[in-house]
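Since the structure comes first, as structure tokens, the remarks are kept for the end.
Where a number appears in this text, it was derived from the coordinates with a stated rule and is not lab data. Bear in mind the structure is a predicted one, so any value in this text is a computation, not a measurement. As a convention, Cβ positions derive from the backbone with ideal geometry for all residues, glycine included, and neighbour counts pool all protein chains shown.
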Amino acid sequence: MARTPSVMVALGSALPSFALEDVVTGAVVRRDDYSGRPLLVVFTCNHCPFVIHVRPVLVALLNEAIARSDGRLGVVALNANDEEGYPQDGPGPMRELATSEGWAFPYLFDRAQTVARAFGAACTPDFFLYDGDHRLAYRGQLDGARPGNGVPVTGVDLRGAIDAVLDGRAPSVEQRPSLGCNIKWKAGNEPG
């Protein structure tokens with residue numbers, strides 16, 4: 001299991017453009033669908049042990065945050081893994097997972113991996129929370145839990161950032177990188 005930290009893109013960075021298909025509904029989801037409201041972009045996948053370790057708490061946290069915000073918070077999950085090398089991360093298994101777990105947010109597939117590159121995503125899970133002006137307010141970990149480290153999965157870091165953004169405050173700049181499996185880049189598509 002490769003341990004890859006998130007890149008920690010500069011706070012204040014603009015939300016990159018995207019237009020990707022939701023594997024559950026077939027609808028194309030675009031950045032502009034979230035104009036004027038905060039957006040959390042979660043890079044994830046089906047098979048990563050780091051994601052599997054936190055997924056029940058993460059999905060509950062995201063579904064609850066969407067409901068609590070009365071729709072003010074947008075959330076999208078995005079998978080950019082190479083489906084040829086990792087077929088369990090292809091659209092069919094993605095749809096099955098999101099449906100079986102009752103995700104209240106779209107699960108987008110970045111087959112070309114261009115959106116992941118534009119965001120500077122490096123690992124799964126990797127979190128990018130943008131404020132209502134679509135400026136990066138938080139990037140980092142869900143919490144300190146990792147497979148085998150004995151730390152309970154609570155979502156405390158991401159939850160605190162979401163609460164701050166929804167309250168119109170900037171999250172603390174003391175942010176720790178996420179850690180997970182590297183994004184499974186297609187040959188010749190690896191970042192720099």
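List of remarks:
- Helix runs (DSSP H) in the chain reaching 24 Å along axis by Cα, Kyte-Doolittle at least 0.0: 49-68
- Cysteines without a disulfide-compatible neighbour (Cβ-Cβ under 4.7 Å), the chain: Cys45, Cys123
- Taking Lys and Arg as +1 and Asp and Glu as -1, the other residues whose beta-carbon sits under 15 Å from that of Glu83 total -2.
- Within the chain, helix-based [θ] at 222 nm, where runs of 4 or more DSSP H residues each add -39,500 (n - 2.57), nearest 500: -8000 deg cm²/dmol
- DSSP bridge pairs, the chain: antiparallel proportion in percent, nearest 5: 70 percent
- Gap separating the Cα centres of region 23-59 and region 132-192, nearest whole Å: 13 Å
- Relative contact order for region 4-182: 33 percent, from Cα pairs under 8 Å spaced at least 6 residues apart, divided by residue count.
- Cα gyration tensor shape for region 147-192, rounded if a/c is under 1.5, else prolate or oblate: oblate
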